[in-house]
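The values are calculated or read from the model by the stated rules, or taken from the named source; none is laboratory data. This one's a predicted model, so the numbers in the text were calculated from it and none came from an experiment. For neighbour counting, all protein chains shown are included, and Cβ atoms are generated from backbone atoms with ideal geometry for every residue, glycine included.
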Amino acid sequence: MDYISTRGSAPALDFEGATLAGLASDGGLYVPREWPRFSAEEIASWAGLPYAELAAKVMAPFVAGSLTEERLLELTTAAYGRFAHDGVTPLKQLDSQQWLLELFHGPTLAFKDVALQLLGLLFEEFLGRSDRNLTIVGATSGDTGSAAIDAVAGRAKVDIFMLHPKGRVSDVQRRQMTTVLAPNVHNIALEHANFDDAQAIVKRVFNDKGMTDRFAIGAVNSINWARLMAQVVYYFAAGLQLGAPHRKVAFSVPTGNFGDVFAGYVAAQMGLPVERLIVATNVNDILHRALAEGDYSQGTVTPTAAPSMDIQVSSNFERLLFDLGGRDGKALAEQMAGFESTKAMQLTNAQREGASALFSSARADADEMASTIRRAYEATGELIDPHTACGLFAARTAGIDASVPVVTLATAHPAKFPEAVERATGQRPTLPTRVGDLFEREEKYETLPGTFEAVTEFVAAHASPKV
Ligand SMILES: *Cc1c(COP(=O)(O)O)cnc(C)c1O
């Protein structure tokens, strides 16, 4: 499989190249040249497969030419063997229509583990084939950081530099990153910065010749295609359990960077019968405005109880716009350049109509998040985290026909956000015992000004040159 850039001018790469490159050299994002498509019979034949085996089936077309299906299965078996639940991503029924897809049984308690446990192994596999070092530079609104650090800590040939906005991630989130003391792990708290600022610095590093000449800069954010690819799998897993391919399923997805929900779009392109993808935001609602009104303009970031969605520039939306605009990289490059200079853009009619065929959206404010957490607890005994609450709120208000199951992606364990959950329910969720000593461990991180110069200087002083 070949990968092409959404902005049309970077060279096409194979899966190995796209995984190591992260961002394309023209500033675009890599997407497969075409969507593989499975027949209904083929999808039906996967019912009941263990998760790691299903994962190898779903991802095989994407890695073709870089990994055999046998090797892929070895990697998925290793990656998903570290999950605390045998089903890896179990479904839980809330009522006659609503389901939760629990994506938080990995080592760091958020859905990011599903993709990053595999990505860490893919980096190791591909770097082992040649004499290269990889310098990962990433930004985190909380959960990517810990999941990526867990996935690469102590691995040879990889250094990771993880930027988080100082004071804007929860204590649990910060400690899950900063208590990993492996020498290849570098945590950086950025002063006077929010997640969008951190992400903008990371994107600049990728496009800075001074840095890319010396270092092979790699990505663990969802701009890296391999992450989205791994997330496609759980849409199939949930769909199959609820009767696909003979029955349609709707998904409600708490979204920030549009990565997780784009994976659902990919699953639909590959043949999974998806009734609707519901994009759930908090008050940082650029995606809701874009889908409901065609207005993709950057507002100011408001901190919320769901910090991993406190985002006003949604990188992966570019991948959808590319597809909906007939895959015209040149036109999209112009549209994105306009957005980057004015911080605003209007979707074209074709983009709006194309999106509305599959996507709806909703936005949950602080009261709606809290009342959704409370209601879920009172009705079912389940404690859900504030991100999941945005999803469940959107699921309940989307008006999906009662015959269609609606699956809300439960993206984080409630104990990652204990204050918000306790405020809403009076119950304090406890951390699973496997991470129970988090608050006793030593922390290590740098604090830097939130500038490109400060970050590149630090990275250059601590990273290994590419060869
Ligand atoms: C990252 C994250 C999200 C948003 O996911 P995107 O891929 O950025 O849309 C939602 N919930 C949690 C808990 C997260 O960590």
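Inside region 83-97, can you point out the residues that are of a type in the set (Gly, Ala, Ser) and farther than 25 Å from Asp150 by Cα?
Keep residues of region 83-97 that are of a type in the set (Gly, Ala, Ser), which gives 84, 87, 96.
Hit for region 83-97 is Ser96, nothing else.
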Quick one: Phe111 ticks every box in (1) buried (at least 20 other Cβ atoms within 10 Å of the Cβ); (2) within 23 Å of Pro303 (Cα to Cα); (3) in contact with a strand residue (DSSP E or B) (Cβ under 6 Å, 6 or more places away or on another chain) bar one, so which box is it?
(3)
So which residues in region 250-264 are buried (at least 24 other Cβ atoms within 10 Å of the Cβ) and either of a type in the set (Asp, Glu) or in contact with an Asp or Glu (Cβ under 8 Å, 6 or more places away or on another chain) (or both), if there are any at all?
Val253, Pro254, Gly256, Asp260
In region 414-433, the residues that are more than 17 Å from Arg174 (Cα to Cα) and part of a helix (DSSP H, G or I):
Val421, Glu422, Arg423, Ala424, Thr425, Thr433
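Out of all the residues in region 80-95, is one or more in contact with a Ser or Thr (Cβ under 7 Å, 6 or more places away or on another chain) and crowded, with 18+ Cβ neighbours inside 10 Å?
Looking through region 80-95, at least one residue is in contact with a Ser or Thr (Cβ under 7 Å, 6 or more places away or on another chain) and crowded, with 18+ Cβ neighbours inside 10 Å.
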Give region 453-467 a look and list any residue that's among the hydrophobic types (A, V, I, L, M, F, W, C) and surrounded by 14 or more Cβ atoms within 10 Å (Cβ to Cβ), or say none.
Ala454, Val455, Phe458, Val459, Ala460, Ala463
Report, ordered by the first and then the second residue, all pairs with beta carbons closer than 6 Å, sequence separation of six or more or different chains, a first member in region 309-331 that is over 15 Å from Val266 (Cα atoms) and among the small types (Gly, Ala, Ser), and a second member that is modelled with pLDDT of 95 or more and within 10 Å of the ligand (Cβ to nearest atom).
Ser314/Phe258; Ser314/Leu287
Within region 197-220, identify whether any single residue is surrounded by 24 or more Cβ atoms within 10 Å (Cβ to Cβ) and within 27 Å of Leu49 (Cβ to Cβ), and answer yes or no.
no
Condition met for Val266 (modelled with pLDDT under 95, among the aliphatic types (A, V, I, L, M) and not in a strand (DSSP E or B)):
no
Options Pro414, Pro432; residue that is within 25 Å of the chain's Cα centre (by Cα) and without any contact (Cβ under 8 Å) to a residue 60 or more places away in the chain
Pro414
Options Ala238, Ala244, Ala193, Ala250: the member that is closer than 25 Å to Glu340 by Cα, away from the ligand (no atom under 16 Å from the Cβ) and small (Gly, Ala, Ser)
Ala193
Any helices (runs of 4 or more DSSP H) falling wholly within region 272-373 and containing at least 2 residues that are surrounded by fewer than 20 Cβ atoms within 10 Å (Cβ to Cβ) and of a type in the set (Ser, Thr, Tyr)
329-342
Which one of these is closer than 23 Å to Ala151 by Cβ and away from the ligand (no atom under 16 Å from the Cβ): Ala216, Ala230?
Ala216
Only one of (1) over 22 Å from Gly264 (Cβ atoms); (2) within 14 Å of the ligand (Cβ to nearest atom); (3) modelled with pLDDT of 95 or more fails for Leu100. Which number is that?
(1)
Would you be able to tell me the number of residues in region 104-133 that are in a loop (DSSP other than H, G, I, E, B) and either of a type in the set (Asp, Glu) or more than 20 Å from the chain's Cα centre (by Cα) (or both)?
6
Residue tally, condition over 16 Å from Leu23 (Cβ atoms) and either in contact with an Asp or Glu (Cβ under 7 Å, 6 or more places away or on another chain) or touching a residue at least 60 places away in the same chain (Cβ under 8 Å) (or both), over region 117-126:
3
Restrict the check to region 119-135 and report whether at least one residue is farther than 15 Å from Met177 by Cβ, within 14 Å of the ligand (Cβ to nearest atom), surrounded by 15 or more Cβ atoms within 10 Å (Cβ to Cβ) and not charged (D, E, K, R).
yes
For Arg204, only one of the following conditions fails: (1) more than 16 Å from the ligand (Cβ to nearest atom); (2) of a type outside the set (A, V, I, L, M); (3) touching a strand residue (DSSP E or B) at 6+ places or on another chain (Cβ under 8 Å). What is its number?
(3)
Under 6 Å by Cβ, and 6 or more places apart or on different chains, what pairs join a residue from region 443-467 that is without any contact (Cβ under 8 Å) to a residue 60 or more places away in the chain with one that is not hydroxyl-bearing (Ser, Thr, Tyr)?
Ala454/Leu448
Do any residues in region 343-354 that are among the hydrophobic types (A, V, I, L, M, F, W, C) have Cβ atoms under 8 Å from those of residues that are in a loop (DSSP other than H, G, I, E, B), where the two are at least six apart or on different chains, and which pairs are they?
Ala344/Gln298; Leu347/Gly294; Ala350/Gly325; Ala350/Gly326
